[in-house]
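A quick write-up on the structure given underneath.
The values are calculated or read from the model by the stated rules, or taken from the named source; none is laboratory data. Since the structure is predicted, the reported quantities are computational estimates derived from the model, not experimental observations. No Cβ is skipped: glycine too gets one built from the backbone with ideal geometry, and neighbour counts run over all protein chains shown.
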Number of protein chains: 2
Amino acid sequence: MRFELTKEFLENIRLAIQNNDLEWIDKNVLELHYVDIAEILDELQNEEAKFIYFRLEEEVQADVLMELEEEVRDRFIKSLSTKEIAEQLENLDSDDAADILYELSDNEIHEVISQMEDDEAADDIVDLLNYDEDTAGGLMQKEFLYVNVDWTVEEALTEIREQAKDVEKVYTIYVVDDINKLMGVLSLKSLFFSDSHLIIKDLYQNKNIISVKVTEEQEEVMRLFDKYGLVSIPVLDYQNKLVGRITIDDVVDIIREEADRDFQLATGITEKVEDNASVFKITRARLPWLIIGMLGGTLGAKVISSFEGNISIVPALAFFIPMITAMGGNVGVQSSAIVVQSLAKGNQFKSIFSKLGKELLVGLLNGIICSSLIFGIASVFGTLNLGVVVSISLFVVILFASVMGTLIPLILDKYDIDPALATGPFITTLNDVLGLFIYFTVAMLIFT
Amino acid sequence: MRFELTKEFLENIRLAIQNNDLEWIDKNVLELHYVDIAEILDELQNEEAKFIYFRLEEEVQADVLMELEEEVRDRFIKSLSTKEIAEQLENLDSDDAADILYELSDNEIHEVISQMEDDEAADDIVDLLNYDEDTAGGLMQKEFLYVNVDWTVEEALTEIREQAKDVEKVYTIYVVDDINKLMGVLSLKSLFFSDSHLIIKDLYQNKNIISVKVTEEQEEVMRLFDKYGLVSIPVLDYQNKLVGRITIDDVVDIIREEADRDFQLATGITEKVEDNASVFKITRARLPWLIIGMLGGTLGAKVISSFEGNISIVPALAFFIPMITAMGGNVGVQSSAIVVQSLAKGNQFKSIFSKLGKELLVGLLNGIICSSLIFGIASVFGTLNLGVVVSISLFVVILFASVMGTLIPLILDKYDIDPALATGPFITTLNDVLGLFIYFTVAMLIFT
């Protein structure tokens, strides 16, 4: 029963638009969930999308607009007049409206704002534009429910009824004093089910209220949502006055984005790229690490060339080069992944040394097991001496890689560089060079 | 002003427990946010934790219990008598209670349930135990707010007031008919602010209600929350009767867990491991890929050994082995990462061929740029011939790696194997062997 966008359905929509078959469109498209409508508009030409969009109810328009893919939405907005944009903004939450304006030029913003009819909404949006996009101020919306601590339940209910017209999702009612300072929160339950003569002061909760300042960085906001399992958080200015709230739906999007970015960084992709990015953009996002990897490879070549004599005498030495570099890379990536994940969760390491000690123990165990196995394989493959060289150097490489994999993300983090950079190409490249050096040094010691 | 757990504070708590300094504990610990209390208990010995836990209010106990780290909670629960466990379960949401019982033996579950005083709660929990943990039934809780479609607003308000005692977080009120079939949803706003004589039938919303069946898999539940930006979802049985709901706080935890698991799989860690897992457990989680990597390395050694003659003639060929394998690995991981992310988001690929075509174009561009660079480096390093060999084979390796990186996760996904397995060690190992083969084949063609 769930909607699934098919090629045929899309063709039918296009046909209906061409033939101006309003009846078909109203019946088959306008009744869908706004998320599904947005999915359809994402696939249409801009003019086709506009045709459908302007047949939607105003409320649905706002929802659809915020669901469009970013690129589609930018294109769509840019094809509207400033008057039309102003009309669309009136239906949006202030944070969404601000997000749309961020994409316009200062001149356009000015024109759009001046054409908005709801002055209060316009003021809210202008206010939000002052905050950095990556701070609590940039994430918050100005629509929230609040009551004064001195009101009766009856007064509060009347007020909340009025406020609720502008607030789409009700999570918490904030309690403020006369100068708008946040005093605590009131649950919907206690408001709706309390005697109407009671005073809010006697009903609200003021213990352990988690809030953020407008200037708080996005990462700290995420950490608080995560740690305290929040669904919304009040945002305060420097005088502790309540100025907005951030809700979980915005936060979920950011959690996903951050996880995606860490994953991409760790796999050697330096810029955030969407599925549908251009070939040029994808190439540009990937090239930096490939070139660094290549320079690492060149350094590796330099290391091997300085042991050319050994290879001439024992050509079988060359056989195990890929294994040594691969194992150094694998172990390094495994170690760094764990550190990166812990750091992403905001874990502070009580002691680097205990972390390092544990990784060394794991490395020791893995090293012993892998070295014993490879000793057998290499001895059969070549000579007993080769077996000794390969297994000893593999053991040392695994230990070194464990240490590097643990230390490097911690060091990067210390210098405020994203530690996710360390997992993947960086660790791999470093361990390649290091591994080769260890391998040939051990070989030289044993074969001469 | 936010709580930050320090070593000193922990020492003070331990001291206070030893000295039975209840005043200090009540003042400094019991007033904290339950998440912070859980963080403290995570660090204490079991007996110490129990001492604090049983001084908390019942409501707070339930919250703290669910916030403990899994291992700590299991240890804690196992140190309680079945009578004590039964008492704790009475305060929990049914889904949380079921999660705790999952960890016990059948006998213990039986004993605990039989000692619960609230029979209705016990029934709910027993019912939940029937569902697979990874399905909607295993995720849902039995506590939710509902009204009958034929009730008046006044009747509904009275009923909801009663129900709300058991429901901690109010998101949506579900509307059902006489045999409990889900008809739609009612917003809190419209219930609380409508005339008390109106009938729910005339107020509720029945369009585009997103719901799931009890047997729906966890991934599909996640996809729906993500796609439709839900905060809760109703769960239906086979007759479309409403049996539970899943809320966003449970889903956020799972989103994070899945992102973590993908990240770990992609970095060669096969089991989920916590920060504080034992050395033995960590080793076991990492060893499988290391051994596969080693076998891959052995295969690589086999490839090189079959070209031993070429190395004897041109030892400089060995120099560039690490570069060729590293580049194959890097490109493969980059390509696969993008496919894995798209698949994780539930994107269906309209056409494998268009995806592959794009990756090939990106590979072509990266290949041309990297090959040109390495041609210069290798020519200076060795001979012009070496430059030709290295640059041609690097170009071919990059193209092959792009194709492999794209195809393998798609193929794994087709056969219901987690495609995240493909990013990382698997692709790297495969591309190592393939790259070596390409490199030496090109070398043979050019040098002979």
If you go through region A:161-212 one residue at a time, how many are of a type in the set (Ser, Thr, Tyr) and within 12 Å of chain B (Cβ to nearest Cβ)?
6
Does A:Val389 qualify as being buried (at least 19 other Cβ atoms within 10 Å of the Cβ), in contact (Cβ under 8 Å) with a residue 24 or more places away in the chain, more than 30 Å from B:Val314 (Cα to Cα) and of a type in the set (Val, Ile, Thr)?
no
What's the number of the only condition in (1) crowded, with 18+ Cβ neighbours inside 10 Å; (2) more than 7 Å from every other protein chain (Cβ to nearest Cβ) that B:Thr270 fails to meet?
(1)
Which of the residues spanning region A:6-54 are part of a helix (DSSP H, G or I), under 20 Å from A:Phe76 (Cβ atoms) and within 14 Å of another protein chain (Cβ to nearest Cβ)?
A:Leu10, A:Tyr34, A:Val35, A:Asp36, A:Ile37, A:Ala38, A:Glu39, A:Ile40, A:Asp42, A:Glu43
Selection status of A:Thr406, in contact with a Lys or Arg (Cβ under 8 Å, 6 or more places away or on another chain) and either of a type outside the set (Ser, Thr, Tyr) or at negative phi (or both)
yes
Just name the residue that is nearest to B:Ile291 (Cα to Cα) out of those in region B:377-427 that are of a type in the set (Val, Ile, Thr) and not in a helix (DSSP H, G or I).
B:Thr423
Identify, please: which residue in region A:273-320 is aromatic (Phe, Trp, Tyr) and crowded, with 23+ Cβ neighbours inside 10 Å and is, among those, nearest to the other protein chains (Cβ to nearest Cβ)?
A:Phe319
Scan region A:193-241 residue by residue and report those that are of a type in the set (Lys, Arg) and assigned to a helix (DSSP H, G or I).
A:Lys201, A:Arg223, A:Lys227
I'm trying to understand the selection: among the residues of region B:55-87, which are under 19 Å from B:Lys165 (Cα atoms), in a helix (DSSP H, G or I) and either of a type in the set (D, E, K, R) or at pLDDT 95 or above (or both)?
B:Glu58, B:Glu59, B:Asp63, B:Glu87
Tell me the residue from A:Asp106, A:Asp123, A:Asp150 that is in the same structural domain as A:Arg223 (by TED's automatic domain parsing), out of contact with any Leu (no Cβ under 8 Å at 6 or more places or on another chain) and not β-branched (Val, Ile, Thr), please.
A:Asp150
I need every pair where a residue in region B:1-28 that is under 14 Å from B:Glu48 (Cβ atoms) has its Cβ under 8 Å from the Cβ of a residue that is among the aromatic types (Phe, Trp, Tyr) and in a helix (DSSP H, G or I), sequence separation at least 6 or different chains.
B:Asn12/B:Trp24; B:Ala16/B:Trp24; B:Ile17/B:Phe51
I'd like the full set of residues that are surrounded by 19 or more Cβ atoms within 10 Å (Cβ to Cβ) and in a helix (DSSP H, G or I), limited to region B:173-191.
B:Leu191
With B:Ala301, B:Ala318, B:Ala337, B:Ala326 as the choices, which residue is closer than 23 Å to A:Thr283 by Cβ and at pLDDT 85 or above?
B:Ala326
Looking only at region A:147-172, which residues are under 14 Å from A:Leu203 (Cβ atoms) and surrounded by 19 or more Cβ atoms within 10 Å (Cβ to Cβ)?
A:Val147, A:Val149, A:Val153, A:Ala156, A:Ile160, A:Thr172
Restricting to region B:393-405, what's the tally of residues that are under 15 Å from B:Val333 (Cβ atoms) and surrounded by 24 or more Cβ atoms within 10 Å (Cβ to Cβ)?
5
Residue that is nearest to A:Phe76 (Cα to Cα), among those in region A:97-126 that are in a helix (DSSP H, G or I) and hydroxyl-bearing (Ser, Thr, Tyr)
A:Tyr102
Mind checking whether some residue in region B:88-96 is assigned to a loop (DSSP other than H, G, I, E, B), in contact with a strand residue (DSSP E or B) (Cβ under 8 Å, 6 or more places away or on another chain) and surrounded by 14 or more Cβ atoms within 10 Å (Cβ to Cβ)?
yes
Read through the list (1) under 13 Å from the mean Cα position of the chain (by Cα); (2) within 11 Å of another protein chain (Cβ to nearest Cβ); (3) under 30 Å from B:Leu65 (Cβ atoms), then give the number of the only condition that A:Lys227 fails.
(1)
Let me confirm something: among B:Glu69, B:Glu31, which residue is surrounded by fewer than 18 Cβ atoms within 10 Å (Cβ to Cβ), closer than 30 Å to A:Glu216 by Cβ, within 30 Å of the chain's Cα centre (by Cα) and among the acidic types (Asp, Glu)?
B:Glu69
Go through region A:422-448 residue by residue and tally those that are among the aliphatic types (A, V, I, L, M) and either surrounded by 24 or more Cβ atoms within 10 Å (Cβ to Cβ) or away from chain B (no Cβ under 14 Å) (or both).
8
For region B:227-260, give me the residue count where each residue is among the charged types (D, E, K, R), within 24 Å of A:Leu32 (Cα to Cα) and crowded, with 17+ Cβ neighbours inside 10 Å.
2
Matching option when the condition is in the same structural domain as A:Ile160 (by TED's automatic domain parsing), on the phi > 0 side of the Ramachandran plot and out of contact with any Cys (no Cβ under 6 Å at 6 or more places or on another chain), among A:Asn206, A:Asn180
A:Asn180
